[in-house]
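The values are calculated or read from the model by the stated rules, or taken from the named source; none is laboratory data. Note that the coordinates shown come from a computational prediction; the quantities given were computed from them, not determined experimentally. Here the Cβ is made from the backbone with ideal geometry for all residues, glycine too, and neighbour counts use every protein chain on show. For the accessible areas, the whole protein counts, side chains as well, though only heavy atoms, and no ligand, DNA or RNA atoms are used. Shrake-Rupley method; radii C 1.70, N 1.55, O 1.52, S 1.80 Å.
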2 protein chains.
Amino acid sequence: MKLTILGCYAATPRTITNPTSQVLEIKNRMFLIDCGEGTQVQLRKNKIKFSKINHIFISHLHGDHFFGLIGTISTFALLGRTTDLHIYGPKGIKEIITLQLRLSNSWTTYELFFHELESKESEIIFEDQKVIVKTIPLKHRVYTNGFLFQEKPGDRKLNVDAVQNYNIDTCYYQKIKGGGNVTLEDGTIIENEKLSFDPIPPMSYAFCSDTGYHEAVIPLIENVDVLYHESTFLDSEESLAGKTLHCTAKEAATIALKANVKQLVLGHYSTRYGDITVFKEEAETIFPNVLLADDGRSFEF
Amino acid sequence: MKLTILGCYAATPRTITNPTSQVLEIKNRMFLIDCGEGTQVQLRKNKIKFSKINHIFISHLHGDHFFGLIGTISTFALLGRTTDLHIYGPKGIKEIITLQLRLSNSWTTYELFFHELESKESEIIFEDQKVIVKTIPLKHRVYTNGFLFQEKPGDRKLNVDAVQNYNIDTCYYQKIKGGGNVTLEDGTIIENEKLSFDPIPPMSYAFCSDTGYHEAVIPLIENVDVLYHESTFLDSEESLAGKTLHCTAKEAATIALKANVKQLVLGHYSTRYGDITVFKEEAETIFPNVLLADDGRSFEF
């Protein structure tokens with residue numbers, strides 16, 4: 001699982017920082033999460049092929065999370081894309097995009113599917129053979145969702161020595177990988193556990209931005225491998241965080257601790273702080289495994 | 001008169017080039033012309049103060065000319081702007097912007113005035129004491145206007161020696177600057193020409209992008225000091241230029257020649273050409289005074 005941060009600063013794009021956007025590569029699928037202004041250029045800078053992105057998830061309709069979407073959609077069309085593109089985001093996103101396409105008389109060369117979200121409960125919004133994506137309702141000034149990306153458990157691994165010892169025909173292998181027992185010709189049943197090993201544990205990634213301190217997310221993100229949680233402010237600006245429905249680094253770490261996640265990644269920094277290492281220092285007083293997102297930084301998990 | 005090019009490449013923003021946007025400083029007014037994605041960052045890079053921009057002119061609703069507008073408007077608000085902002089652009093632009101402000105529940109901290117354009121004839125869209133702005137209807141795939149910025153003729157310059165020789169009271173000076181004659185106490189009329197010099201000739205700037213070859217603009221831009229004219233293609237791609245309603249460098253130069261402009265500035269280059277000097281070389285076979293726009297380049301006229 002690989003996470004590439006295209007932008008992770010709050011509010012306005014600047015010469016050296018970009019608003020929120022990131023790419024999650026999981027089970028060979030590439031998901032674009034949020035799409036602030038300049039995302040298409042950040043994709044180019046980070047050498048991420050446009051053609052690999054088929055699903056874009058938008059957390060909420062504040063500009064620093066979606067003003068780059070129309071440009072990205074248009075550029076995909078200008079480059080002659082033909083593959084379907086799916087957009088998941090708050091109700092209204094379809095109108096914003098289609099109005100601009102209509103007024104510019106520039107329709108896409110590919111099918112564009114909108115999956116508009118309105119539910120205040122977590123729901124499954126994407127599922128295929130290997131990955132499932134659920135919303136994580138957040139607490140912000142407009143309707144906002146985080147997203148939980150979960151690998152599905154893979155096949156069990158064949159115990160090659162065991163199947164040879166039992167002289168099991170190869171036609172049973174798929175059944176064994178799927179967890180099934182095997183009945184030999186003499187009627188003996190061989191339990192699956194004797195013929196296979198547990199699969200590689202599935203990975204999970206939770207993206208939570210933007211949100212005030214919100215313990216309701218904890219049961220939804222419990223035990224995830226990686227939690228990206230916004231930390232717009234430091235504890236010294238706690239009341240500002242509360243007022244604007246953002247979190248401090250300390251609050252993000254508290255959520256990570258209570259949800260028993262393995263790794264916390266911080267981001268969505270206010271640009272008032274010169275050096276982002278202060279966010280890590282503050283979070284580590286609560287939770288040990290903290291990484292700092294930064295534009296252009298990649299993490300492999 | 002100073003022209004700063006924020007972006008002058010066609011179609012999509014890239015790592016090293018930006019879509020159309022430029023700032024014209026004329027008579028101490030700053031006009032932002034077009035606003036492709038990334039314009040606000042280009043303004044920062046070029047150290048142009050956001051607070052100095054009170055009027056934004058949008059030629060047409062293709063993305064490479066306006067996708068940066070909503071971000072610019074939002075950033076102005078996030079920075080607490082209070083001064084009115086005027087947007088001039090094709091009908092529909094108000095709906096695009098206000099829809100996004102409404103859905104993000106992010107209203108501006110300042111008054112936002114939309115001046116929507118629909119006329120196919122040239123019209124005056126801005127006028128104050130010193131500057132007048134008119135549309136230049138262009139020929140493109142969607143409704144498009146260029147813009148003509150004209151300084152108004154300034155006051156005549158007082159001939160200090162002459163007014164002293166005639167012993168004229170200072171209370172007449174403003175009348176003389178305005179072109180008036182002076183009647184002395186003995187009834188003698190002194191003609192204005194004897195008391196003043198011609199004012200500095202007013203400057204003019206015409207912005208013509210995007211457009212196919214369109215001789216109808218010639219009477220509107222005749223004798224301008226500076227013409228920015230799109231040259232998306234070279235003559236070798238003439239038929240593609242015709243089909244997409246863009247111009248070649250040769251065609252831009254032909255318009256400059258026929259309109260008897262003093263200076264031609266080329267821009268809106270297709271990114272298919274590695275080196276933009278080829279545009280200048282081609283245009284100079286037709287018209288001698290050619291400058292090449294490039295991102296971050298400034299011209300003083």
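Taking segment B:69-83 on its own, how many of its residues are at the interface with chain A (Cβ under 7 Å from one of its Cβ atoms) and either of a type in the set (S, T, N, Q) or crowded, with 23+ Cβ neighbours inside 10 Å (or both)?
Counting residues in segment B:69-83 that are at the interface with chain A (Cβ under 7 Å from one of its Cβ atoms) and either of a type in the set (S, T, N, Q) or crowded, with 23+ Cβ neighbours inside 10 Å (or both) gives 4.
Do any strands (runs of 3 or more DSSP E) lying entirely in segment B:1-80 carry at least 1 residues that are farther than 28 Å from B:G154 by Cβ, and which ones are they?
The strands (runs of 3 or more DSSP E) meeting that bar are B:2-7, B:21-26.
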_Exactly one of these conditions fails for B:E95: (1) surrounded by fewer than 22 Cβ atoms within 10 Å (Cβ to Cβ); (2) under 30 Å from B:T211 (Cβ atoms); (3) free of Cβ contacts under 8 Å to residues at least 40 places away in the same chain; (4) more than 8 Å from chain A (Cβ to nearest Cβ). Give me its number._
(4)
*Can you tell me which residue in segment B:29-45 is least open to solvent (accessible area, probe 1.4 Å), limited to those that are away from chain A (no Cβ under 14 Å) and either without any contact (Cβ under 8 Å) to a residue 60 or more places away in the chain or basic (K, R) (or both)?*
B:L32
*Residue check, B:I48 against (1) open to solvent by 10 Å² or more (accessible area, probe 1.4 Å); (2) out of contact with any strand residue (DSSP E or B) (no Cβ under 6 Å at 6 or more places or on another chain); (3) within 14 Å of another protein chain (Cβ to nearest Cβ), all met but one. Which one?*
(2)
*So which of B:T232, B:T183, B:T211 is over 22 Å from B:I132 (Cβ atoms) and either in contact with a Phe, Trp or Tyr (Cβ under 9 Å, 6 or more places away or on another chain) or assigned by TED's automatic domain parsing to the domain that holds B:T135 (or both)?*
B:T232
_Could you tell me how many of the residues in segment B:251-272 are within 24 Å of B:H62 (Cα to Cα) and open to solvent by 10 Å² or more (accessible area, probe 1.4 Å)?_
4
*Can you find even one residue in segment B:138-148 that is touching a Ser or Thr at 6+ places or on another chain (Cβ under 9 Å), open to solvent by 30 Å² or more (accessible area, probe 1.4 Å) and either closer than 30 Å to B:M1 by Cα or of a type in the set (D, E) (or both)?*
yes
_Test for B:T135: is it open to solvent by less than 50 Å² (accessible area, probe 1.4 Å), touching a Phe, Trp or Tyr at 6+ places or on another chain (Cβ under 7 Å) and either within 16 Å of B:D84 (Cβ to Cβ) or not in a loop (DSSP other than H, G, I, E, B) (or both)_ = yes
*asked:* Kindly evaluate A:I168 against the criterion of being assigned to a loop (DSSP other than H, G, I, E, B), buried (at least 17 other Cβ atoms within 10 Å of the Cβ) and outside the structural domain of A:V226 (by TED's automatic domain parsing).
replied: yes
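What are the residues in segment B:233-247 that are open to solvent by 40 Å² or more (accessible area, probe 1.4 Å) and of a type outside the set (G, A, S), if any?
Once the filter is applied, which keeps residues that are open to solvent by 40 Å² or more (accessible area, probe 1.4 Å) and of a type outside the set (G, A, S), segment B:233-247 yields B:D235, B:E237, B:E238, B:L240, B:K243, B:L245.
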